[in-house]
Structures are given as structure tokens and as C-alpha cells.
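Worksheet: the structure to be examined is printed underneath.
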Amino acid sequence: MKKLSILLIFSFIIIACGSDDDNNTPTEVAVNLRFSQIFDELTVTSLNLSSTVYVNEMNQELTISRLRYLVSRLVLTNSNGDSFLLSPYHLVDLSNSETLNLNTNLTIPEGDYTLSFVYGFNEEDNQNGAYADLNAVSWNWPEMLGGGYHFLQMDGQYNINTEPAPFNFHNGTARVSEGVFEQNFVVFNLPNTLTVSENSTINIQMNIAEWFRNPNTWDLNVFNTPLMPNYEAQKLMQQNAASVFSASVE
Amino acid sequence: MFIKLTYCLLFSLLFISCSSSDNDKYVATPLELEVPEIFSQYLIAPVIPTNNPQTVEGVALGRKLFFDPILSGNGTQACADCHRPQNAFSDPRQFSLGIDGIAGFRNSMPLQNLAWNFNEKFNWDGSAPTLEDQIFEPVTNPIEMNNTWPQAEASLKNHSEYPQLFKEAFEGAPIDSVLVTKAIAQFLRTLISGNSRFDRYLLGENILTPQELNGINVFMSEDLGDCFHCHGNPFNPLWTDNTFHNNGLDEFFADLGLGNVTGDPRDNGKFKAPSLRNLLYTSPYMHDGRFETLDEVINHYSEGLVFSETIDPLMKAVAQGGVQLSEEDKADLKAFLLSLSDPGFINNPDFQNPN
């Protein structure tokens with residue numbers, strides 16, 4: 001008997017869905033995101049981890065062995081002011097190819113959009129332990145530094161051809177002094193138009209070289225590790241974050 | 001519209017055909033994992049393969065098999081000989097001996113919270129892709145139980161109790177190696193540890209000593225211990241990141257670890273970052289059991305790091321040999337680590353030898 005009623009409900013849903021099939025709304029298309037990384041003209045993939053040597057603005061030779069970063073509140077907005085939340089947050093891990101693509105399960109009308117997102121979490125979202133999937137991959141930022149989550153982890157070795165030494169370029173909430181914290185996220189409203197149509201993918205690209213030069217030239221001999229409790233380093237990272245991301249449609 | 005109606009009909013058909021076969025077929029009794037409050041609060045769901053659901057009968061059978069030497073070549077060794085309950089299911093010997101008295105080359109691993117190994121790479125080097133796969137290996141490994149599966153299956157089939165127990169656990173399917181590994185995996189997934197003093201502190205049910213509190217501070221401070229990047233934190237109460245690192249033990253590798261499995265030289269010398277739960281019971285430490293005490297482990301991170309090409313950059317103070325903790329911070333760090341030990345886990349009556 002119970003099964004029959006479930007069946008009835010099913011049929012109902014199916015019929016209800018069917019009724020607006022013939023309307024003349026603009027074509028709805030799926031939105032897919034891709035996250036790619038470059039070091040200026042060089043593409044950076046997991047194959048390059050711990051092997052390819054990059055040269056930063058200060059001519060320091062470095063390798064990268066781990067790169068993870070968090071973006072949140074990814075939103076597309078069109079000229080009507082309609083906006084679509086693509087994802088509340090997404091953690092990219094260069095060593096895990098699954099995280100480099102995000103199929104949003106969302107369909108939006110074909111057309112022109114601009115993209116906005118937050119690098120890291122904003123103050124409201126950056127809550128201690130609030131996201132089980134991020135906890136499971138130890139993405140947390142220590143409570144004594146303000147808590148919440150990391151925004152970026154880029155680990156590697158610099159002075160790779162002379163005396164290799166590690167750097168841990170980790171970014172999150174900045175600690176001003178004991179118990180006093182400063183927000184450190186960055187809101188991106190990318191100005192360029194993204195024309196979304198059938199089978200298009202939005203490519204969000206990080207140029208890693210920008211972390212080391214714009215506007216602050218980064219000297220790994222001065223700022224290498226530990227940087228998490230270092231207020232100055234945290235704010236310099238936030239300033240340099242402003243130019244690392246761009247987006248295009250492919 | 002027409003297509004949708006057909007779907008509808010198809011659906012109904014499915015429902016009707018399902019219900020007709022429901023009648024009095026024996027099914028094993030489903031069993032939920034007892035998920036500690038601290039895990040359900042902060043972590044994603046445990047990994048239970050859809051083709052091996054937990055059942056009361058399956059877990060009971062797996063437990064019996066785990067403690068029974070019947071699976072070994074000469075009937076002298078059980079899984080539990082190298083995975084002892086009182087040692088959080090690890091082995092106090094640096095290297096366990098197989099049935100022929102041959103020593104292995106790695107320290108046995110504790111068996112705890114295995115359903116929360118989200119990456120599902122088991123063993124120190126990640127060589128087993130699932131828990132069930134892992135269990136195939138010790139039975140036939142010549143330096144462990146040195147049996148053949150046909151022989152193990154025959155012993156079980158000729159036994160006075162096992163045929164009935166398998167029938168109840170797996171609804172009549174014939175005894176084979178796959179079912180043996182499934183039953184043991186079900187039992188191993190029940191070996192859950194989430195009730196240490198530190199867990200109760202997190203739940204607000206317990207207070208810690210000032211020493212333990214300073215110890216967690218050392219653990220979580222990037223400019224002190226900086227252990228949390230690999231070994232979890234209060235919001236990742238597994239106390240492992242379930243991944244592989246080179247933590248600066250050796251300049252040259254006698255054992256390539258993950259590199260042996262992936263064939264990628266960038267993985268040489270990387271091993272699973274073990275959970276820090278139940279360290280009170282799991283000495284000796286590291287993949288080769290080289291450290292007898294936690295003091296030696298802490299001294300390693302403080303002064304004993306050695307550079308090699310694949311060393312994790314998180315071993316940041318390698319040029320100085322380590323993070324140079326004060327004697328007081330070392331003692332406090334140790335006190336904190338020990339607060340992650342859970343006597344209720346090793347003494348749980350459901351986890352002891354039923355035979």
C-alpha cells in the first residue's frame with residue numbers, strides 16, 4: 001500500500017515537471033568550471049610538482065610540492081542583474097585532478113555574465129570546523145591565529161640550485177596581536193564578460209608568479225617560514241592575491 | 001509527455017516486481033557503525049562499500065576469523081598475533097614474525113577508525129586500495145601467515161561452525177576468499193576509537209591539565225611543533241591527514257615506501273602519516289619501528305631531521321635539525337599526545353577474542 005502511494009507521488013512529480021516543456025524560454029545550459037594554474041607562460045600541473053624549477057621576481061629558483069587554495073561564493077551575474085550561485089566554496093588541490101573541475105549541476109540561460117568570488121572565506125563563512133569535507137582534509141586554520149580555514153597552502157623549496165630550503169606560503173586570517181585578528185580574504189569582481197553557451201567551460205586561472213611580485217616583490221630569503229603567525233607576511237600575501245586570478249570561457 | 005508516462009509505468013513495474021520478491025527471504029541483520037559524537041560533528045561519513053554493508057552476523061564472523069589461527073598455513077597464527085587488542089591492534093615487536101619465524105621489515109600498524117581512511121590507501125606505503133584488498137594479502141604473504149587461499153577456504157569448509165556462520169552472514173553464498181575478507185573488513189570497521197580524554201575535552205565533558213593544554217598549543221603553533229599540517233587538529237579528530245609524507249627520517253631510503261607503489265621517484269621515502277590516537281599502546285613508532293619511546297619521536301622532530309630530496313617542506317627547520325623545542329614544551333607536547341589515548345578502545349569487550 002505504501003509503495004502504491006509513493007508511486008502516485010512519483011507520477012505526480014513527473015507530470016508536473018512535464019507541463020512546462022513547450023515554453024519559449026532562452027536555452028538553459030550547464031555551467032562547468034575549470035581551475036588551472038600557470039607560472040607566467042608555463043602551465044603548472046601535478047606533473048610539475050617537486051620537479052619543475054620556477055624563477056620568481058627576485059630571481060630565486062624554486063620548486064612547488066604542494067598547492068591548495070580555497071575560493072567561495074562563486075557567482076555569475078548577467079546584465080539583468082540575475083545572479084547564479086555556482087558553488088558556495090571549492091577547494092582546489094593541484095595533486096588531486098578531481099578538484100580541478102567543478103560540474104555545478106546548475107543550468108543557466110545562455111548569454112553574457114561576469115564572475116565574482118571570494119578568495120578564501122569571508123568573515124561570515126569562515127567559521128571554525130563548519131565544513132566537514134574541509135576538516136577531513138585538515139584545511140583548518142589554528143584557533144589562536146583566528147581560526148576558520150586556510151585560504152592557500154603553497155609549499156616548496158627555494159634556492160633550489162644552491163642550498164635548498166623550504167618555504168610554507170600559507171595564508172588565512174591575520175593575527176594582529178594575541179586575540180586580535182584581521183580579515184584577510186579578497187573579493188574578486190572580475191570585469192571581463194564571459195559569454196556562456198552550450199558546452200562552454202569557465203576557466204579560472206591562477207598565475208602563481210603574481211604571488212611573488214605584485215604589488216609586493218617577495219623575498220623568500222626573508223619570508224619563508226613560519227609565515228602563518230607573521231602579520232606582515234599575511235597582509236603582503238593578501239595584497240598580492242589581488243592580481244593572481246583571471247577568468248575566461250573556453 | 002508520452003515518454004514520461006512510459007517511465008512512470010516502468011517505475012510502477014519496478015515497484016511491483018520488488019515487492020513480490022520481498023517475502024521471507026533470509027537477510028542478515030543490518031548494523032550501523034557506532035560513530036563517535038566528535039566524528040559526526042566534524043567529519044564526513046565513513047567509507048562503507050556498497051557491496052559489503054555492515055551486518056551483525058558479518059561482524060561476528062569477522063571477529064572470530066580475526067582471532068582464529070585457522071587462516072594461517074600451519075594453524076599457528078591469527079591476525080591478532082600481530083594486531084593485539086592491548087596494543088590498539090598493533091604489535092609491540094619492532095618487526096612481527098611470520099609463521100616460519102621470519103621477521104618482516106615494517107612495524108605492524110594499529111587498526112583503528114579504518115572506515116575514516118577517506119583516501120582508502122592502506123598500509124604504510126598505500127599499497128592496498130581498499131580495506132578488503134588489504135586483507136587478502138597477509139593470509140598468503142610468505143613472511144606472514146604463509147597460506148594459500150584454496151587451503152584456507154578448505155579448512156573453513158571442513159570446520160564444525162564456520163559453514164553455518166558464513167551462511168548467516170552472507171545469505172547462503174559459498175565460502176571463498178572474498179567473503180573471508182568481507183567479514184573481517186566488517187569487523188575491522190567496528191574498531192572505532194573516539195573516546196579519549198581529549199575527545200571528552202572537546203565535547204566539554206572533561207578538563208585538561210595545564211601541561212596538556214600547553215601541549216596542544218605546541219602542536220598547533222607553526223612556530224613551535226607545527227604538527228597539525230599532517231596529523232590533524234581538533235576539527236579533524238582522526239589525528240591524521242590520511243596522506244603520505246617524508247618526515248625527514250633518513251638521507252637514503254632502505255625502504256622506498258610510496259615510491260615503490262607509484263614508481264614515481266618523487267614519492268620515495270614517503271609513508272602514511274599515522275594517526276596519533278592510542279600512542280600509549282602502540283610503541284615502537286614509525287614504519288620501521290625505529291623509535292621505542294615518544295621522547296625519541298619528539299626529539300626527532302626537534303633536533304633529528306635529516307634532509308633528502310623528497311623531504312616535505314613542512315619539515316621547515318631541517319637546516320637546524322628541527323623545530324628546537326624547549327624541554328618544557330617537549331614534555332607538554334608528550335602529555336597532550338598521550339591524552340589522545342583511549343583505554344575504552346583497547347578494553348572494549350566487543351573487540352576481544354571470542355574463541
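Values quoted throughout were computed directly from the atomic coordinates according to the rules given, and no laboratory measurement underlies them. Keep in mind the model is a prediction, meaning the values are calculated, not measured. Using ideal geometry, Cβ is built from the backbone for each residue, glycine included, and neighbour counts are taken over all protein chains shown.
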*Take the alpha-carbon centre of segment A:117-155, take the same for segment B:304-354, and report the distance between them in whole Å.*
24 Å
_Net charge of Cβ neighbours under 12 Å - reference B:VAL306; Lys, Arg +1; Asp, Glu -1_ = -4
*Springs between alpha-carbon atoms under 10 Å, Gaussian network over chain B: tell me which of B:ASP264, B:ASP68, B:ASP329 tops the mean-square fluctuations.*
B:ASP264
*Size of charge dipole - segment B:144-254 - debye, nearest 20, with Cβ of Lys, Arg +1 and Asp, Glu -1, no other charges*: 520 debye
*Principal axes first, then extents: for the Cα atoms of chain A, list largest minus smallest coordinate on each axis, whole Å, largest first.*
72, 39, 33
_10 Å binning of all Cα-Cα separations within the protein assembly as shown, expressed as whole percents from 0 upward_ = 3, 14, 22, 23, 19, 13, 6, 0
*Report the far tail of the P(r) of chain B, meaning the percent of Cα-Cα pairs longer than 40 Å.*
21 percent
*Would you look at the GNM of chain B, springs on alpha carbons closer than 10 Å, and say which of B:LYS316, B:LYS334, B:LYS121 moves the most?*
B:LYS316
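Which pairs, out of B:LYS121/B:LYS157; A:LYS235/B:LYS330; B:LYS272/B:LYS334; B:LYS64/B:LYS121; B:LYS167/B:LYS272, put more than 28 Å between their alpha-carbon atoms? Numbers along the way, then the final one.
Working: B:LYS121/B:LYS157 31 Å; A:LYS235/B:LYS330 32 Å; B:LYS272/B:LYS334 21 Å; B:LYS64/B:LYS121 25 Å; B:LYS167/B:LYS272 37 Å.
Those over the limit are B:LYS121/B:LYS157; A:LYS235/B:LYS330; B:LYS167/B:LYS272.
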*Looking at the square roots a ≥ b ≥ c of the eigenvalues of the Cα gyration tensor of segment B:37-193, which shape do they give, rounded for a/c under 1.5, prolate if a/b is larger than b/c, or oblate?*
oblate
*Percent relative contact order of chain A, based on C-alpha pairs within less than 8 angstrom and at least six residues apart?*
23 percent
*What FRET efficiency, computed as 1/(1 + (r/R0)^6) with R0 = 45 Å and r the Cβ-Cβ distance, is obtained for A:THR162 and B:ALA45, rounded to the nearest 0.05?*
0.40
*Could you work out how far the C-alpha centroid of segment A:172-221 sits from that of segment B:188-213, in angstrom?*
38 Å
*At 7 Å along the Cα-to-beta-carbon direction for both A:LEU190 and B:PHE307, put a label point, then send me their distance in nm to one decimal.*
3.9 nm
*asked:* If I fit a long axis through the Cα atoms of helix B:294-303 and take the longest principal axis of the Cα atoms of chain B, what angle between them do I get, 0 to 90°, rounded to 10?
replied: 60 degrees
_Using only Cα atoms and rounding to the nearest 10 degrees, what angle (0 to 90) does helix A:2-18 make with the longest principal axis of chain A?_
80 degrees
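Rounded to the nearest 500, what is chain B's calculated 222 nm mean residue ellipticity when only DSSP H runs of at least 4 contribute -39500 (n - 2.57) each, over all residues?
-10500 deg cm²/dmol
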*R0 of 51 Å, Cβ-Cβ distance A:GLU182-B:ASP255: FRET efficiency to nearest 0.05*: 0.65
*Listed residue (B:LEU325, B:ILE311, B:LEU238) projecting farthest to the positive dipole end of segment B:197-344, Cβ model*: B:LEU238
*Within the set of other residues whose C-beta is less than 15 Å from the C-beta of A:PHE35, count the net charge using Lys and Arg as +1 and Asp and Glu as -1.*
-1
*asked:* Let me check against my output: what whole-number percent is the relative contact order of chain B, with C-alpha pairs under 8 Å and at least 6 apart?
replied: 20 percent
*At A:SER51 and A:LEU100, where each label point lies 7 Å from the Cα along Cα→Cβ, what is the point-to-point distance in nanometres?*
1.3 nm
*asked:* Using the Cα centre of chain A as the reference point, and only Cβ charges (+1 on K/R, -1 on D/E), how large is the resulting charge dipole? Debye, rounded to the nearest 20.
replied: 540 debye
*Binned Cα-Cα distances of segment B:226-338, short to long, each 10 Å bin given as a whole percent*: 14, 45, 36, 5, 0
*Among B:GLU132, B:GLU251, B:GLU57, whose mean-square fluctuation peaks in a Gaussian network model of chain B (Cα, cutoff 10 Å)?*
B:GLU251
*Percent relative contact order of segment B:197-344, based on C-alpha pairs within less than 8 angstrom and at least six residues apart?*
31 percent
_If I fit a long axis through the Cα atoms of helix B:56-66 and take the longest principal axis of the Cα atoms of chain B, what angle between them do I get, 0 to 90°, rounded to 10?_
60 degrees
